[in-house]
Amino acid sequence: SQTIHQWPATLVQPVGSPLSLECTVEGTSNPNLYWYRQAAGRGLQLLFYSVGIGQISSEVPQNLSASRPQDRQFILSSKKLLLSDSGFYLCAWSKGKDYGYTFGSGTRLTVV
Amino acid sequence: GESVGLHLPTLSVQEGDNSIINCAYSNSASDYFIWYKQESGKGPQFIIDIRSNMDKRQGQRVTVLLNKTVKHLSLQIAATQPGDSAVYFCAENGDAGNMLTFGGGTRLMVKP
């Protein structure tokens, strides 16, 4: 069966520090991968999605970037965090939009 | 689209009552719909889905109804329990690309 792993679960980082969040999927090949952000008490904001290695589409201009160095690995990064980058970050995978998404457990990022 | 900037509407129900959560979807081309449940601090979890060739689908204590004429989707939870307290998101597949479009979410609070 397929599983998705996302880490770390929580992270407290100072303003101006770098960020790297990792997401990996097991049990499938060539998944579509997604990064979402969720502010407290709000909906889901799509940040990036990828349909293959090295293929990244950005939905929202921001202080973040994403990379897909391997088929089942998706990384969310920042060179210098801002206070506004705080939030709950979710990774998801899909075989395609007609199959739904499976979400990871999320990373709670607090920038201080 | 996404309703990321809006505070979540809240539905408050008494334990044991039935809950109905509604969703108006936007794209008449959508033919696959999903309901997700997100508990506090966790990623959204798949509850139930429905394709456009059906107007009703039942799971364990949950029923999804689809009205394509008015582009309306609802999730019914029978005999609501405290463990049903969560945020519920609907999603549709109609937009171009490999992405689902999520609704803004509804917070369900179950009173004991």
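The values are calculated or read from the model by the stated rules, or taken from the named source; none is laboratory data. Note that the structure is a prediction, hence the values are computed from the model and not measured. Because the Cβ atoms are built from the backbone with ideal geometry, glycine has one as well, and the counts that use them run over all protein chains shown.
For the criterion of being surrounded by fewer than 18 Cβ atoms within 10 Å (Cβ to Cβ) and under 23 Å from residue A:40 (Cβ atoms), residue B:42 passes. Among the residues of the range B:1-19, the ones that are part of a loop (DSSP other than H, G, I, E, B) and at pLDDT 95 or above come to 4 in all.
Each row is one residue, and each column tells you yes or no for (1) within 12 Å of another protein chain (Cβ to nearest Cβ); (2) in a loop (DSSP other than H, G, I, E, B).
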{"residue": "A:6", "(1), (2)": "yes, no"}
{"residue": "A:17", "(1), (2)": "no, yes"}
{"residue": "A:22", "(1), (2)": "no, no"}
{"residue": "A:25", "(1), (2)": "no, no"}
{"residue": "A:37", "(1), (2)": "yes, no"}
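With respect to being surrounded by fewer than 20 Cβ atoms within 10 Å (Cβ to Cβ), within 10 Å of chain B (Cβ to nearest Cβ) and not β-branched (Val, Ile, Thr), residue A:92 falls outside the description. Contact map, the range B:11-30: first residue under 18 Å from residue B:67 (Cβ atoms), second residue in a strand (DSSP E or B) and small (Gly, Ala, Ser), Cβ cut-off under 9 Å, separation 6 or more or different chains; pairs are B:20/B:74; B:21/B:74; B:22/B:74; B:23/B:74; B:23/B:91; B:25/B:91.
If you go through the range B:10-39 and keep only what is surrounded by 14 or more Cβ atoms within 10 Å (Cβ to Cβ), hydroxyl-bearing (Ser, Thr, Tyr) and within 16 Å of residue B:102 (Cβ to Cβ), you end up with B:25, B:30, B:32, B:36. A count restricted to the range B:68-93 and to residues that are at the interface with chain A (Cβ under 9 Å from one of its Cβ atoms) and small (Gly, Ala, Ser) stands at 1.
Would you mind stating whether residue A:33 is touching a residue at least 60 places away in the same chain (Cβ under 8 Å) and among the aliphatic types (A, V, I, L, M)? Step through it out loud before you land on a result.
Details: touching a residue at least 60 places away in the same chain (Cβ under 8 Å): yes; among the aliphatic types (A, V, I, L, M): yes.
Judged against the criteria, residue A:33 is a match.
Applying a threshold of 9 Å to beta carbon distances and a minimum spacing of six or more residues, or different chains, the list of pairs starting in the range A:45-71 at a residue that is within 13 Å of chain B (Cβ to nearest Cβ) and farther than 18 Å from residue A:96 by Cα and ending at one that is surrounded by fewer than 15 Cβ atoms within 10 Å (Cβ to Cβ) and β-branched (Val, Ile, Thr) reads A:45/A:60. Among the residues of the range B:20-54, those identified as touching an Asp or Glu at 6+ places or on another chain (Cβ under 7 Å) and either within 12 Å of another protein chain (Cβ to nearest Cβ) or at pLDDT 95 or above (or both) are B:27, B:30, B:32, B:33, B:34, B:51, B:52.
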